[in-house]
1. Quick one: count up the residues across segment 1-41 that are touching a strand residue (DSSP E or B) at 6+ places or on another chain (Cβ under 8 Å), surrounded by 14 or more Cβ atoms within 10 Å (Cβ to Cβ) and more than 24 Å from residue 93 (Cα to Cα).
2. Looking at the structure I just gave you, is residue 26 within 20 Å of residue 120 (Cα to Cα) and part of a loop (DSSP other than H, G, I, E, B)?
3. I'd like the full set of residues that are closer than 14 Å to residue 11 by Cα and in a loop (DSSP other than H, G, I, E, B), limited to segment 112-154.
4. What tally of residues in segment 46-60 results from selecting those that are surrounded by fewer than 18 Cβ atoms within 10 Å (Cβ to Cβ) and touching a residue at least 12 places away in the same chain (Cβ under 8 Å)?
5. In segment 135-157, how many residues are without any contact (Cβ under 8 Å) to a residue 40 or more places away in the chain, under 26 Å from residue 36 (Cα atoms) and surrounded by fewer than 16 Cβ atoms within 10 Å (Cβ to Cβ)?
6. When the residues of segment 32-60 are narrowed to those that are in contact with a helix residue (DSSP H, G or I) (Cβ under 9 Å, 6 or more places away or on another chain) and in a loop (DSSP other than H, G, I, E, B), which ends up nearest to residue 114 (Cα to Cα)?
7. Being surrounded by fewer than 22 Cβ atoms within 10 Å (Cβ to Cβ) and either under 21 Å from residue 9 (Cβ atoms) or touching a helix residue (DSSP H, G or I) at 6+ places or on another chain (Cβ under 8 Å) (or both) is the filter here; which residues of segment 61-82 pass it?
8. For residue 74, which of the numbered conditions (1) closer than 19 Å to residue 120 by Cβ; (2) modelled with pLDDT of 90 or more; (3) in contact with a strand residue (DSSP E or B) (Cβ under 6 Å, 6 or more places away or on another chain) fails to hold?
């Protein structure tokens with residue numbers, strides 16, 4: 001198990017959760033690949049997207065349903081400032097994860113986290129566990145709790 005996956009497992013264990021990781025034979029780097037591998041709807045895949053606050057410069061984690069794109073105006077309203085894509089090297093340095101394997105938990109330092117309310121419509125969702133082919137299944141309400149996330153609408157309906 002990679003160092004990144006060990007951090008995710010330690011964070012789950014610290015939260016009192018006994019969750020098994022599933023290592024897929026193929027990449028789960030995109031939501032579509034993950035949905036196929038996990039045999040679920042694309043909406044059940046948690047995309048962990050990291051943005052940088054334009055004013056604060058702080059990283060922000062948006063947990064978004066795999067079938068949604070982020071409406072930036074809605075995300076910025078939820079976060080309270082303008083957002084821009086964070087540099088991939090900075091993401092790796094500050095979270096310990098590479099793009100495609102960013103987990104909702106297990107970061108080097110906690111990030112302000114916002115969760116797409118659509119994810120809460122499902123009984124179970126699948127998230128990256130620190131690698132581009134390692135995932136775990138979790139109740140989205142538990143994910144909301146352990147990440148201390150705020151809900152937001154990722155897209156206009």
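The values are calculated or read from the model by the stated rules, or taken from the named source; none is laboratory data. Small disclaimer: the values here were computed from a predicted structure and weren't measured. All Cβ positions, even for glycine, are placed from backbone atoms using ideal geometry, and neighbour counts span all protein chains on display.
1. Qualifying residue count, segment 1-41: 9.
2. So residue 26 does not fit the description; no.
3. The answer is 148, and nothing else.
4. Total meeting the criteria: 4.
5. Selection size over segment 135-157: 3.
6. 54
7. Listed by number, the residues that qualify are 67, 68, 82.
8. (3)
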